[in-house]
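Below is one structure, written out as structure tokens, with a few remarks after it.
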Amino acid sequence: MRNLTRRLEFFLFPADSDHWLGILRIGIAIQVVLYCLSLREDWNDLFSLTSVGLIKRDLTEAVLSANSHLIPRIGWLVDAGAYLGVNEQTVLTVSWWTLVLAGFCLLVGFFSRSAAIVAAILHLCAVKSTEALTYGVDNFTTIGLFYLMIAPLPDRWAIDSWLSKTGKQDQHLQGFHRRILQLHLCLIYFFGGITKCAGAGWWDGTSVWRALFRPPFNMIPPELLIVGKGIFPALSVSVCLLETGYSFFIWSRKTRFLWFAAVLAMHIGIGLAMGLYLFALVMITFNIAAFGPGFAFSWKRPNGPAQMVSPGKATWFAKRLLARRDATFLYRC
């Protein structure tokens, strides 16, 4: 039992660098900036109650209120602005520029944690107020911002690290946060693969055919789809096996690079074939940060005693983690 406990401590609190955190920060920051730029022309129309669209913010927020009154939304910002005597259009414009500024600050690592918190709140408000028009990329961006809020920032590539001239972050704390991201990613792929396996359309290629043929994702000409229709069953089954097996084969050194490269190729293919470039970007960012080559870890116990996690040290790290301000924020959420 004691040996099992030591192995569990080593698995949850491995010594790791902050390279993964820099990759995650930069990738998610680019995601936030591109999200803002993609909605620049339609931002006010999406969230303004005076817009002429069929689906307005009040309808979406009414559905949110039916579920919970605590879900963040743009209406909170508009109401706060009205209380201060600021009109709706000004609040929406300021919120867009604030989100862009937070994304750029996060990109260069300037006030990293504050920028992550502001970006997470504003992005979540925007996503929830247009929930009928969102898809998986918005959820994954929210997840990435959440990890940045609680992660041990700044990383060595951030401007904050150069200005404050702080020492290196605790490597075991870095390893703990990265391990949680790895386990989270495995759960996402595993249940995503199981869900696909439960559908008959993923065994005969129908689901892939419909995804590539349906507007606005029909980036490939229909003539090419008809010519290559024979590969859809094999392509569908490979996606199911790749996602379901991710949780098992990504951990072993013998199969990690193969699965890692295959998953990246899958997301690049999705981005190019269906025009889901932001979705491909956020998933590639998650995979490189979690299991990127060069940042791999070993299942084996380290040889030197200096690399071992001493008995009870994991408990000390856990207490230290719970004492951190960001962990308190996580607990309250």
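The values are calculated or read from the model by the stated rules, or taken from the named source; none is laboratory data. Values in this document were obtained by computation on a predicted structure and should not be read as measured data. No Cβ is skipped: glycine too gets one built from the backbone with ideal geometry, and neighbour counts run over all protein chains shown.
Side notes on the structure shown:
- Of all residues in the stretch 158-167, none satisfies the criterion of being at pLDDT below 90, part of a loop (DSSP other than H, G, I, E, B) and surrounded by 12 or more Cβ atoms within 10 Å (Cβ to Cβ).
- Subset of the stretch 208-250 (residues that are aromatic (Phe, Trp, Tyr) and either touching a residue at least 60 places away in the same chain (Cβ under 8 Å) or more than 18 Å from Gly192 (Cα to Cα) (or both)): Trp209, Phe213, Phe217, Phe232, Tyr246
- Within the stretch 211-227, being within 26 Å of the chain's Cα centre (by Cα) and in a helix (DSSP H, G or I) holds for Ala211, Leu212.
- From Ser129, Ser112, residue being assigned by TED's automatic domain parsing to the domain that holds Asn67, of a type outside the set (Phe, Trp, Tyr) and under 18 Å from the mean Cα position of the chain (by Cα): Ser112
- Test: residue in the stretch 148-157 that is without any contact (Cβ under 8 Å) to a residue 40 or more places away in the chain and not polar (S, T, N, Q): no
- Residues in the stretch 241-265 that are under 18 Å from Gly27 (Cα atoms) and either buried (at least 19 other Cβ atoms within 10 Å of the Cβ) or in contact with a Lys or Arg (Cβ under 7 Å, 6 or more places away or on another chain) (or both): Phe260, Val263.
- Answer residue from the stretch 186-221, given it is surrounded by 13 or more Cβ atoms within 10 Å (Cβ to Cβ) and among the β-branched types (Val, Ile, Thr) and is farthest from Ser247 (Cα to Cα) among those: Ile220
- Beta carbons closer than 7 Å, at least 6 apart along the sequence or on distinct chains, pair a first residue in the stretch 186-203 that is touching a residue at least 40 places away in the same chain (Cβ under 8 Å) with a second that is small (Gly, Ala, Ser) and in a helix (DSSP H, G or I) for Cys186/Ser247; Tyr189/Ser247; Phe190/Ser247.
- Listed by first and then second residue, the pairs linking a residue in the stretch 59-88 that is farther than 17 Å from Asn44 by Cα to a residue that is part of a helix (DSSP H, G or I) and of a type in the set (Asp, Glu), with Cβ atoms under 8 Å apart and 6 or more places separating them unless they lie on different chains, are Val63/Glu131; Leu64/Glu131.
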